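Encoded as structure tokens, the structure appears first; notes follow it.
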Amino acid sequence: MKNNITRRSALKMFAAGVVASSVTGCKTTANESSVESAKRGTQTHKDNWANTHDRVWLGGEYWANPMEDWTVKSGGAECLSQGGNRSIHSLTHQLTHLDQNFVMSVTLNRLQSAKNDGGAGIRLGAKSELNEYRSNCFALKGYDLGIKNEQLVLGSTKTSLTQNVDNQDVRLDLIGTAQSGAMALTLTATLVTSGTVIATLEHLVPANELLGNVALVSNFSNSATTRDELETKGKPGARYRFSDWTMQGEAFSVSEDNKFGPILWTMYTLSDSRSDKGFVMNLSAYTGALGEQDNQTIELQAFKNNKWVSLGTEKIHPEGWLATFRLNNWNEKHDTPFRVVYREKHSDGTETPDIYTGNIKANPSNKKLRMAALTCQNDYGFPYEPVAKNVEKLGPDLVFFSGDQIYESHGGFGIVRTPDNLAMLNYLRKFYQFGWAFKDVMRNQPTVCLPDDHDVLQGNLWGEGGATMQNIQKDPTAAILGGYIQSPKVVNMVHRTTLNHHPAPHDPTPTNGIGSYYGEMIYGGVSFAIIADRQWKSGPERINIEVGVTGQDEDKFSYNPKFNPPGLDLLGKRQEEFLVQWGKDWQGHNLKAVLSQTVFAGICTHQPTPNRFMKYDFDSSGWPASARNRAVGVMRDSMALHICGDTHLGSLSQYGVNKQRDSNWAFCTPAISAGWPRWWKPDSINMPYENRPTHNLADTGEFHDTFGNKMYIYAVGNPVVGKSGNRYVKAHEKGSGFGFITFDTEKLTYTMHAYKFLVDVTDGKASNQYPGWPVTIHQKENKGENLIG
């Protein structure tokens, strides 16, 4: 049968369906708050790949799973992998009003055949339990339709094609007509060259099955194997190309605000250089992974004297895809609106400007600096909206991310370690989830962002001064051996994406090819020492430690001196010398804080279950103990509060070296979305303690950790076992949340809050915080002149 069904005729059929279908059924919508601000899909939307230069990044209207397996090539989106469940989600269009009609079409082409062909086509109803467009992008199931093994597939129905398609272009036309709480779907497959219809199917589907994202999928019926699994276990599927993806209809909610790129987000800092450079503003703007013919520059503009003024143009660094601006003598006395402009060049010679706006805050002058402190984003809780919204509500002057902006599992599809170019793309698409979730937190206030172990794709990191990890085959997850598993090129790219907007480092001299980033930022009357407490840390194999096993047969409370030999490092000599110098310099500020990845004490008794005691956690910066005591010793004179994260266990403690409580306090903030769970339950094992605080909370007081370190535990936010099927409830159960600190530079105090995950910080409930918080300490308590107990 030959039947020339064009897009125009499909749209005419759709319009007729709109007129004819006056039946009203159950109205089912997605999240009401997002739907209310969205438009209906009355206008036809078509992809712009035909006018896009060849590149990895598919465009701001799409999310590719995984990014490194897709490319725009010769006007279409090609899947580079034969793995299963590779998908492209529309960010702007979601099916939400299924009492209305819609049409959709796409042209596909099988680039590479395989016996294990998993088919290709469209996925409807891709959704998480939240049915929120960002989290929906990682759903691996939905209502699938398309072509597989020379059959047309529409959900559970199938029919044979009248011709084999081989490598011909095939257009899929889908019409959805609302019918009393259901959707009547009609799918037609047409050979593009001849216009021949080769199959048609119809299916009546409950409307709620189709709610959510719409996506294109290569190998939709095959499991989402990683690159390594595909190479080792075989069974590759086919490989497909998509083009001319169109959609229209009032069943769609359309939100252009959901676009993510070309400019993805920005991060900036503002710091008093105490030199002729005045206040220095550093800003990084991030884009997707571009192509050789794309525009390679970004312009920064500021709103001054009632007009936008260009502050310069910077090249985009291809190892990280960011452009960084460094501006001396910034006017710190006033808020300054900014915008970054990327002019996207198209294949036909036209340009489309993409503008991302924000605000460079004035240096706080009211004697109080308010900082949000966050850590550890395990993506089962993505997009972490309760935390992001609560931080926005509090309106901090400064935001601090202490590490683990990503985990190896982020977004699925595994880790790519080599070659470097693919390893970078693999990292970047995980890192993009961080920016996607917190871009509105970071656009209007300075942000300090540190890399930790998972950011460099390691389970644990004992950096050994940048040494290359040896015997990788013994430790493929990079969790038990010292050194870096990734190449210096990849590690430096990770550092660039997290740190490039920081003030200039104190001494950037690389070690073993990996750059150094420690240094100082002065803002709001507070000097922050930005420290790397992993990069120079000694590895456990130096003393023949088997991580997770060593010490489990020892007495719970005994101290084993063989784990504390001389010659081991935590911060390394260069950072220790920097801290001594920094601690003595009080020009231009009244308070100090040390920002690093994790706490300098072993505040954990049980992991990863509440009943499994683990004596030694060599990942903690309580080890090596002698190096820890040196680090605390050089911090003491600065009277700095230590602010950190990583442990997935919020705690407030005070270090002791020569005696209990003679040194700095440390606020280890709750994880944004806690993964590997830890508990501090010394009372349950009768661990000796003295001098419980006056609040008399359980598990608090003066203790020695299992490395012999003196520590005073004032408050701790123990989790329960996370069991909920809802990601936000589960994160709440697991002790997630964030920290908030107010620095009073007049009274010389620090006030600390530890908020839970699923709360409203504006309602004033005491239960919003973990037991023991909020707490205010005086500066002098950071050198042992204690006022609270």
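Each reported figure results from applying straightforward, stated rules to the coordinates on display, with no laboratory input. Please read these numbers as outputs of a predicted model, since none were measured by experiment. Methodologically, a virtual Cβ is constructed for each residue, glycine included, from the backbone with ideal geometry; neighbour enumeration extends over all protein chains shown.
Averaging the sequence gap over all C-alpha pairs within less than 8 Å and six or more residues apart, then dividing by the number of residues, gives the chain a relative contact order of 11 percent. Only one residue of 176, 147, 160 has its Cα farthest out toward the positive end of the dipole of the range 136-188, where Lys and Arg carry +1 and Asp and Glu -1 on Cβ, and that residue is 176.
Using alpha carbons only, how many degrees (0 to 90, rounded to 10) separate the axis of helix 488-499 from the longest principal axis of the chain? Helix 488-499 sits at roughly 80 degrees to that axis. Positive end of the dipole of the chain (Cβ unit charges, origin at the Cα centre): among 470, 641, 578, the Cα lying farthest that way belongs to 641. The mean of 1/r over all distinct Cα pairs in the range 277-405, once inverted, gives the Kirkwood hydrodynamic radius of 17.2 Å.
Panel values: the range 75-225, Kirkwood radius from alpha carbon pairs, Stokes-Einstein at 25 °C and 0.890 mPa s, translational diffusion coefficient 158 µm²/s.
For the chain, the longest principal axis of the alpha carbon atoms and the long axis of helix 625-636 meet at an angle near 80°. Highest mean packing first, where packing is the average number of other Cβ atoms within 10 Å per residue, the peptides 290-296, 677-683, 647-653, 555-561 line up as 647-653, 677-683, 290-296, 555-561.
Sort out for me the Cα centre separation of the range 601-631 from the range 363-430, rounded to whole Å. Their Cα centres are 24 Å away from one another.
Farthest towards the positive end of the charge dipole of the range 292-358, among the residues 309, 320, 352, is the Cα of 309, using unit charges on the Cβ of Lys, Arg, Asp and Glu.
One entry in (i) 64, 34, 22; (ii) 40, 33, 25; (iii) 50, 28, 25 is semi-axes √(5λ) of the Cα gyration tensor in Å calculated from the shown coordinates; its label is (iii). In terms of its Cα atoms, the range 414-524 spans 47, 31, 23 Å along the principal axes, sorted from long to short.
Over the range 368-783, all Cα pairs binned in 10 Å intervals from 0 give whole-percent P(r) values of 5, 24, 36, 27, 8, 0, listed from short to long. Dipole check for the range 368-783: with +1 at the C-beta of Lys and Arg, -1 at the C-beta of Asp and Glu, and the Cα centre as origin, the magnitude is about 340 Debye. If only the Cβ of Lys and Arg carry +1 and only the Cβ of Asp and Glu carry -1, the dipole of the chain around its Cα centre is close to 480 debye.
Counting only DSSP beta bridges with both residues in the range 368-783, what percent are antiparallel, rounded to the nearest 5? Counting DSSP beta bridges with both partners in the range 368-783, the antiparallel share is about 65 percent.
Relative to one another, the C-alpha centroids of the range 688-761 and the range 297-316 are positioned 43 Å apart.
Relative to the longest principal axis of the Cα atoms of the chain, helix 572-584 runs at roughly 70 degrees. Sorted on the mean count of surrounding Cβ atoms within 10 Å across their residues, most packed first, peptides 326-333, 85-92, 195-202, 518-525 read 85-92, 518-525, 195-202, 326-333.
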